[in-house]
1. Can ALA248 be described as without any contact (Cβ under 8 Å) to a residue 24 or more places away in the chain and hydrophobic (A, V, I, L, M, F, W, C)?
2. Given the options GLU178, GLU187, GLU227, name the one that is within 26 Å of GLY78 (Cα to Cα) and of a type outside the set (Gly, Ala, Ser).
3. Scan segment 69-88 and tell me whether some residue there is at pLDDT 95 or above, among the small types (Gly, Ala, Ser) and surrounded by fewer than 21 Cβ atoms within 10 Å (Cβ to Cβ).
4. For the list (1) within 17 Å of GLU162 (Cβ to Cβ); (2) in contact with a Pro (Cβ under 7 Å, 6 or more places away or on another chain), I need the number of the one condition that ALA192 fails.
5. So LEU234 fits all but one of (1) more than 23 Å from ALA82 (Cα to Cα); (2) of a type in the set (A, V, I, L, M); (3) within 17 Å of the chain's Cα centre (by Cα); what number is the exception?
6. Residues of segment 156-172 being under 22 Å from ASN128 (Cβ atoms) and either crowded, with 19+ Cβ neighbours inside 10 Å or of a type in the set (A, V, I, L, M, F, W, C) (or both), which ones?
7. Condition check: under 24 Å from ALA19 (Cα atoms) and outside any helix (DSSP H, G or I). Does VAL246 satisfy that?
Amino acid sequence: MSALLQVRDVGISFGGVRALDQVSFDVEEASLFAVIGPNGAGKTTLFNCLTAAYRPDRGTIDFKGGSLLGVRRRDLAGMGIARTFQNLGLFDKLDAAENVLLGRHSAMQCGFLGAALQFPAVRREEANNRGKVAEIVDLLGLDPYLGTPSAMLLYGIRKLIELGRALAMEPDLLLLDEPVAGLNREETARMAEIIRIIRRRFKTTILLVEHDMGFLMSLADRVLVLEYGCPIALGRPEDVQKDPKVIAAYLGTEVPA
């Protein structure tokens, strides 16, 4: 497989403090790549660099062979990159389907005039968009919540709606920001199964940031572990899990010399 995303020697500092230093990895097409680490490891900072919220001081980030440095955040969807938000970004008064439909904006071809005049092509596009939304709603098991404003739904359901909106963009690269943060054990297991289904059905390349190592072990093809902004391990989940430096980072124990 070829690399869809290439990160080389990325670093960024805030007020003289290095938040990331010499971070490098590849994300291959149709793979699931995970970035993990304890709190304060630099996961969110890296995620923000990948999504154009921060611009690194050093290094390169290439997507499909082109640089992401200097790209505006609002242009990412049109390039084939979708993301979820840890704190969610739903419209509280809209229901699940309406929130998911908003994710189709990057795929819409008609302008305001076409939408107002309802040309045949516009009607076909609208039918296609609603069909995609219905498929995603069914996939995520959101049908029972249609018609209910998202603000009235449980947090775990809202997380699924957030995921659905990102999926609606039909991205080449799906970036998930701590998808199981705040979820209970049952919700976490459900999210893991949904991610497996997404990979099988859509062949979507996924990069996710998470601190729950157990959640990732059965999902990820490769794992990068950060500690204090520096990479300390990179490889297959089963190998990373046994790495003494990773064990020390998570358990707070000293690694024998």
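1. yes
2. GLU178
3. yes
4. The number of the failed condition is (2).
5. (3)
6. Going through segment 156-172, the residues under 22 Å from ASN128 (Cβ atoms) turn out to be 161, 163-172.
Selection gives ILE161, LEU163, GLY164, ARG165, ALA166, LEU167, ALA168, MET169, PRO171.
7. Details: under 24 Å from ALA19 (Cα atoms): yes; outside any helix (DSSP H, G or I): no.
No.
Condition check ((1) more than 18 Å from ARG222 (Cα to Cα); (2) surrounded by fewer than 23 Cβ atoms within 10 Å (Cβ to Cβ); (3) of a type outside the set (Asp, Glu); (4) touching a strand residue (DSSP E or B) at 6+ places or on another chain (Cβ under 8 Å)) across all residues:
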site	(1), (2), (3), (4)
LEU20	yes, no, yes, yes
SER24	no, yes, yes, yes
THR44	yes, yes, yes, yes
CYS49	yes, no, yes, yes
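The values are calculated or read from the model by the stated rules, or taken from the named source; none is laboratory data. Just so it is clear, the model here is predicted, and its values are computed rather than measured. Every residue, glycine among them, receives a Cβ derived from its backbone with ideal geometry; neighbour counts consider all protein chains shown.
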